[in-house]
Amino acid sequence: MAAFRLDLVSRYLRPHRRTLIAGAVALMVVNILRVRIPLEVRNVVDELQEGFSYTDVLQQAGWIVLVATTMGFFRLVSRQLVFGVGRQVEVDLRQRLFEHMLRQEPTWVQTTGSGEVISRATSDVENIRRLLGFAILSLTNTLLAYAITLPAMVSIDPGLTIAAVSLYPLMLGTVRLFGGRMMRQQRSQQEELSSLSNLIQEDLSGIGAIKIYGQESSEQEEFASRNRRYRDSAINLARTRSTLFPLLEGISSISLLLILAIGSGKLESGSLTVGGLVALILFVEQLVFPTALLGFTLNTFQTGQVSLERVEELLRREPTIQNSPTAIHSSQAEQKLGGRLQARNLRVRYEGAERDTLRGLTFTIEPGELVAVVGAVGCGKTTLARAF
């Protein structure tokens with residue numbers, strides 16, 4: 001199942017590979033510049049131990065400001081590029097879903113439930129956008145942060161570096177332990193949301209029938225029941241998140257305490273400078289955010305993978321009514337037929353009815369034109385469609 005999802009992700013990202021590569025390069029520049037700041041701070045602190053120089057401090061401070069400003073610019077560029085890919089995939093996917101659902105027969109919508117379809121076309125597509133935007137950016141940034149920061153830490157003191165990262169396998173194990181549970185809870189939450197959306201849509205569409213047969217109480221009870229199930233699933237997921245993220249932050253804080261405890265002894269022995277200890281602390285703080293963000297990234301990956309499966313299941317569904325190989329497509333119809341749909345003072349009255357359902361309706365639909373008919377329940381939308 002994981003390989004299948006990876007294949008889906010790569011298929012969505014393949015048309016945007018150049019943009020993603022540019023975003024990855026910008027992220028690499030960000031992480032290279034970010035490593036320079038603690039190293040410059042180390043130099044300043046060590047120079048201050050030998051003697052204070054106002055000019056040198058100003059020069060180093062100006063250099064750090066320049067590096068931080070450049071880093072901020074490239075970070076903005078990376079987010080614009082990678083997040084833009086997620087937005088573009090979202091637009092393309094919504095268009096595909098819209099065109100695909102137009103080809104489905106009406107009975108499929110009735111049996112599937114419009115709430116389920118709406119949920120997949122809205123919340124699931126948004127989850128996919130976050131997967132291909134935020135999650136990709138966050139994961140790439142975390143990998144680059146470790147790949148570039150760890151060698152810089154080793155160059156200062158290998159022993160302290162090992163002590164700082166020794167607890168990170170525990171952090172990754174914690175993330176993996178909670179990952180499967182979060183995925184199951186996320187899928188349950190989405191299913192309950194689809195069920196609730198479906199009930200709301202059905203009640204709004206059939207509000208007249210509900211009032212006629214006096215089913216208000218039963219529908220209210222059903223809504224309350226589904227709402228409680230959705231609330232419970234959301235609370236379960238929130239509890240898992242609220243347990244995972246503090247654990248990740250706590251493990252990261254212990255790494256900082258180890259550096260302070262071991263580093264103080266190295267300062268006394270002279271094997272480590274004050275600037276080196278300060279730089280290591282800054283490096284650990286820089287890694288805290290990407291490491292803690294692994295929890296959010298994992299959640300986004302789990303949610304996005306579930307949504308990918310749900311949307312692909314919808315896209316793989318072939319309509320029962322298929323066009324024949326010799327069918328005239330819309331572009332050919334416009335060229336060959338050139339007809340239009342026109343109504344003049346259309347009037348429709350059902351047998352036994354006291355008044356017209358439609359009266360005095362006049363309109364023209366040109367070839368290739370797409371028209372949506374909307375209105376309140378019972379206003380005659382279905383009657384208009386059946387009239388042609």
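The values are calculated or read from the model by the stated rules, or taken from the named source; none is laboratory data. Owing to the predicted nature of the structure, the values given are computational and were not obtained by experimental measurement. Cβ atoms come from the backbone with ideal geometry, glycine included; neighbour counts cover every protein chain shown.
Starting from residues that are surrounded by 11 or more Cβ atoms within 10 Å (Cβ to Cβ) and acidic (Asp, Glu), keep the ones in region 352-368 and report whichever is farthest from residue 387 (Cα to Cα).
That would be 366.
Considering only region 51-79, state which residues are in contact with a helix residue (DSSP H, G or I) (Cβ under 8 Å, 6 or more places away or on another chain) and closer than 30 Å to residue 134 by Cα.
The answer is 64, 67, 68, 70, 71, 74, 75, 77, 78, 79.
For residue 375, state whether it is without any contact (Cβ under 8 Å) to a residue 24 or more places away in the chain, out of contact with any strand residue (DSSP E or B) (no Cβ under 7 Å at 6 or more places or on another chain), more than 23 Å from residue 203 (Cα to Cα) and among the small types (Gly, Ala, Ser).
no
Residues are listed down the side, and each one gets a yes or a no for (1) farther than 17 Å from residue 10 by Cα; (2) touching a residue at least 40 places away in the same chain (Cβ under 8 Å); (3) out of contact with any Lys or Arg (no Cβ under 8 Å at 6 or more places or on another chain); (4) not hydroxyl-bearing (Ser, Thr, Tyr):
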| residue | (1), (2), (3), (4) |
| --- | --- |
| 51 | yes, no, yes, yes |
| 56 | yes, no, yes, yes |
| 61 | yes, no, yes, yes |
| 75 | yes, yes, yes, yes |
| 92 | no, no, yes, yes |
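For region 365-383, what are the residues that are in contact with a Ser or Thr (Cβ under 7 Å, 6 or more places away or on another chain) and assigned to a loop (DSSP other than H, G, I, E, B)?
Result: 368, 377, 380.
Okay, residues lined up against (1) at pLDDT 90 or above; (2) among the hydrophobic types (A, V, I, L, M, F, W, C); (3) in contact with a Pro (Cβ under 8 Å, 6 or more places away or on another chain):
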site	(1), (2), (3)
118	no, yes, no
122	no, no, no
134	no, yes, no
149	yes, no, no
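Here is a list of conditions, (1) farther than 25 Å from residue 182 by Cα; (2) without any contact (Cβ under 8 Å) to a residue 60 or more places away in the chain; (3) surrounded by 15 or more Cβ atoms within 10 Å (Cβ to Cβ), and residue 263 meets all of them except one; can you say which number that is?
Only one criterion in (1) farther than 25 Å from residue 182 by Cα; (2) without any contact (Cβ under 8 Å) to a residue 60 or more places away in the chain; (3) surrounded by 15 or more Cβ atoms within 10 Å (Cβ to Cβ) is unmet by residue 263, namely (2).
Residue check: is residue 214 touching a residue at least 24 places away in the same chain (Cβ under 8 Å), surrounded by fewer than 15 Cβ atoms within 10 Å (Cβ to Cβ) and not aromatic (Phe, Trp, Tyr)?
No: the conditions fail for residue 214.
Looking at (1) exposed (fewer than 10 other Cβ atoms within 10 Å of the Cβ); (2) under 25 Å from residue 211 (Cβ atoms); (3) of a type outside the set (A, V, I, L, M), which is the one condition that is false for residue 349?
Looking at each condition in turn, residue 349 falls short on (1).
Just one of 82, 30, 65, 25 is over 20 Å from residue 126 (Cβ atoms) and in contact (Cβ under 8 Å) with a residue 12 or more places away in the chain; which is it?
30
Does residue 23 meet the test of being closer than 22 Å to residue 91 by Cα and either part of a helix (DSSP H, G or I) or within 19 Å of the chain's Cα centre (by Cα) (or both)?
Considered against the rule, which asks whether it is closer than 22 Å to residue 91 by Cα and either part of a helix (DSSP H, G or I) or within 19 Å of the chain's Cα centre (by Cα) (or both), residue 23 comes out as yes.
If you take the residues in region 217-234 that are hydrophobic (A, V, I, L, M, F, W, C) and surrounded by 12 or more Cβ atoms within 10 Å (Cβ to Cβ), which one is nearest to residue 293 (Cα to Cα)?
234
Restricting the search to region 206-240, which residues are out of contact with any helix residue (DSSP H, G or I) (no Cβ under 9 Å at 6 or more places or on another chain) and not in a helix (DSSP H, G or I)?
Within region 206-240, 206, 213, 214 qualify.
As an exercise: evaluate residue 196 against (1) in contact with an Asp or Glu (Cβ under 9 Å, 6 or more places away or on another chain); (2) closer than 30 Å to residue 117 by Cβ; (3) not polar (S, T, N, Q) and give the number of the one condition it does not meet.
It fails just one condition, (1).
Taking region 53-68 as the search range and keeping residues that are at pLDDT below 90 and not polar (S, T, N, Q), which one is surrounded by the fewest Cβ atoms within 10 Å (Cβ to Cβ)?
Filtering region 53-68 for residues that are at pLDDT below 90 and not polar (S, T, N, Q), the one surrounded by the fewest Cβ atoms within 10 Å (Cβ to Cβ) comes out as 54.
Can you tell which of 173, 159 is at pLDDT below 80, assigned by TED's automatic domain parsing to the domain that holds residue 274, farther than 29 Å from residue 320 by Cβ and not aliphatic (A, V, I, L, M)?
That would be 173, the only listed residue that is at pLDDT below 80, assigned by TED's automatic domain parsing to the domain that holds residue 274, farther than 29 Å from residue 320 by Cβ and not aliphatic (A, V, I, L, M).
Looking at (1) surrounded by 12 or more Cβ atoms within 10 Å (Cβ to Cβ); (2) under 30 Å from residue 45 (Cα atoms); (3) polar (S, T, N, Q), which is the only condition residue 269 fails?
Among (1) surrounded by 12 or more Cβ atoms within 10 Å (Cβ to Cβ); (2) under 30 Å from residue 45 (Cα atoms); (3) polar (S, T, N, Q), residue 269 violates only (1).
With (1) among the hydrophobic types (A, V, I, L, M, F, W, C); (2) in a helix (DSSP H, G or I); (3) at pLDDT 85 or above as the list, and residue 272 as the residue in question, which single condition is left unmet?
Here residue 272 meets the rest and fails (2).
Please specify each residue of region 344-364 satisfying the condition of being touching a Gly at 6+ places or on another chain (Cβ under 8 Å) and either among the small types (Gly, Ala, Ser) or outside any loop (DSSP other than H, G, I, E, B) (or both).
Answer for region 344-364, where residues must be touching a Gly at 6+ places or on another chain (Cβ under 8 Å) and either among the small types (Gly, Ala, Ser) or outside any loop (DSSP other than H, G, I, E, B) (or both): 345, 346, 347, 348, 358.
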